[in-house]
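Reading through the C-alpha cells given below for one structure.
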Amino acid sequence: MPSELRAELRDARQQGAVVGLVPTMGYLHEGHASLMRRASGECDLVVVSIFVNPLQFGADEDYDLYPRDLERDLEMAGSAGAHLVFAPTVDDIYPSRILTTVHVSEVSEGLCGSMRPGHFDGVATVVAKLFNICEPNRAYFGKKDAQQLVVIRQMTADLNFPVEIVACPTVREPDGLAMSSRNAYLSPSERIQALGLIESLRKAGELLYSGERSVDVIEGTTRSILDEHALECEYAELREASSMRPVGRFLADGEYILAVAARVSGSPAATRLIDNILFTISGEGVLVDEGILTSVASVEATSGK
Ligand code: AMP
C-alpha cells in the first residue's frame, strides 16, 4: 500500500500537481479540518494520513484507548478538501521490527520530551516515513503541538527533506479549549475543569500585557491557575519559540512560547492535555498570537496600552 500510494503521488507530481500532506492520528475534529482546508487552498492534491502511531506512545500511555472512527474520518476529510486518505495498518508502516529511528536532539528535550520519553523519536520517525512515502511538496502541522512543530522543522532541515512545513493556528472550542481528539475522554465535569488550561494562558497574557517580564512570576501564576482547577500540572514553561531553548530570568525582546501540559486528575485515565500561546515582546509592546486573549485585549484597551 505505501508503494502504491508513492507511485500514484509521483505520477501526480510529474504531471505538475503540488502535493500537500496532513499527517494525523485520526478521530478528526475542526483542528484537523483547518489543516486540510488550508492545504486544499494551497495544493492540487491533498493527502491526509490517519495512523495511530504505536512508536510515539509509551508503554503506560493510551495507545489502546485512543479514539478511532475511520468511517467518520473519511467523511470529514472529504468535506474538508482532502483528495486521498492514507490509513495504513501498523504492518504497512512497520512491516518488521524497526531498527532505525529518527532522534532529533535538543529541541526534543524538556516539556513533552521529558514527560513522554521516546515520544518525539516516534513522531520524527513516522513523519520521516510519511515524507518518504508521500514525497509531498508541503506538509501541514498544528501550532497546538508546538514542540512537535519545532522537532519536525529541525528534522526536515537536517535530513534535507524537500518539504515546506506549514504551521497552522490552534483551533479552539467557543469557550477556548483547544480541540483535541483526547477531549473525547473528558466527562462533563472534567470538560469544565479542562478550561483551566486556557484560563492559565489568558492570565499569563494579562500579566504580559501589564508589563510583567519575570519568568518565575509568569510560570508560577500559570501553575497556580492550573492548581485552582485541580489540574495536575506537568509543566508550565516559557521557551524561546523557534528553538525551544529555555529562557533567562526575565523576558527580553523576542518571540516566546508559554507551553502547558496538565492532567485532569480524578479520571481513571487521567487525560493529559496540552496547550500554548505564542507571543512577541518588542520594547514595551507585547503581541500575543491568535484569538485566545479577547479578555486580555479589552484589559489592554481599558488600561490604555
Ligand atoms: P493529531 O491527530 O492529534 O496527531 O494531530 C494531527 C495534526 O493536527 C497535528 O499537526 C496537530 O498539531 C494538529 N492539530 C491537532 N489539534 C489541533 C487544533 N486544535 N488546532 C490546529 N491543529 C491541530
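Just to confirm the number: angle between the C-alpha axis of helix 70-79 and the first principal axis of the chain, 0 to 90 degrees, nearest 10? Here the helix axis deviates by roughly 80 degrees.
In a reduced charge model with +1 at each Lys and Arg Cβ and -1 at each Asp and Glu Cβ, the chain shows a dipole moment near 280 debye about its Cα centre. Each of 54, 114, 15 was placed along the dipole of segment 1-122 (beta-carbon charges, centred on the mean Cα), and the one lying farthest toward the positive end is 15.
Rg and Dmax of segment 68-131, both derived from C-alpha coordinates alone, stand at 15.2, 39 Å.
May I ask you to give the percent of accessible area on the chain that is carbon plus sulfur, with a probe radius of 1.4 Å? In the chain, the share of accessible area belonging to carbon and sulfur is 50 percent. Between the helical axis of 119-134 and the dominant principal axis of the chain, each derived from Cα atoms, what acute angle in degrees is found, rounded to the nearest 10? Here the helix axis deviates by roughly 40 degrees. Report the Stokes-Einstein translational diffusion coefficient (µm² s⁻¹, integer) for segment 32-151, Rh taken as the Kirkwood radius over Cα pairs, at 10 °C with viscosity 1.306 mPa s. After rounding, the answer is 102 µm²/s.
Here segment 1-65 is described by how far its Cα atoms reach on the three principal axes: 46, 28, 13 Å, from widest to narrowest. The relative contact order of segment 204-285, computed from alpha carbon pairs under 8 Å that lie at least 6 residues apart in sequence, is 26 percent.
Taken over the chain, the alpha-carbon convex hull comes to 140 cubic angstrom per residue.
Between the helical axis of 294-303 and the longest alpha-carbon principal axis of the chain there is an angle of about 30 degrees.
Toward the positive end of the charge dipole of the chain, about the Cα centre and with charges on Cβ (Lys, Arg +1; Asp, Glu -1), which of 5, 215, 146 goes farthest? Value computed over the given set: 5. Note: relative contact order over segment 156-266, using C-alpha pairs below 8 Å and six or more positions apart, is 21 percent. Take every pair of alpha-carbon atoms less than 8 Å apart whose residues are at least six positions apart; their mean separation over the length of the chain yields a relative contact order of 15 percent.
Helix content alone sets the calculated 222 nm mean residue ellipticity of the chain: runs of n ≥ 4 DSSP H residues at -39500 (n - 2.57) each, divided across all residues, give -12000 deg cm²/dmol. Think of each Lys and Arg Cβ as +1 and each Asp and Glu Cβ as -1; about the Cα centre, that makes the dipole of segment 101-149 roughly 220 debye. When only the Cβ of Lys, Arg, Asp and Glu is charged (+1, +1, -1, -1), the dipole of segment 165-292 relative to its Cα centre reaches about 320 debye. Of the peptides 151-161, 136-146, the order by per-residue mean of other Cβ atoms within 10 Å, starting with the highest, comes out as 136-146, 151-161.
The values are calculated or read from the model by the stated rules, or taken from the named source; none is laboratory data. Because the structure is predicted, anything quoted here is derived from the model rather than measured. Every residue, glycine among them, receives a Cβ derived from its backbone with ideal geometry; neighbour counts consider all protein chains shown. What goes into the accessible areas is simple: the full protein's heavy atoms, side chains included, and nothing from ligands, DNA or RNA. Shrake-Rupley method; radii C 1.70, N 1.55, O 1.52, S 1.80 Å.
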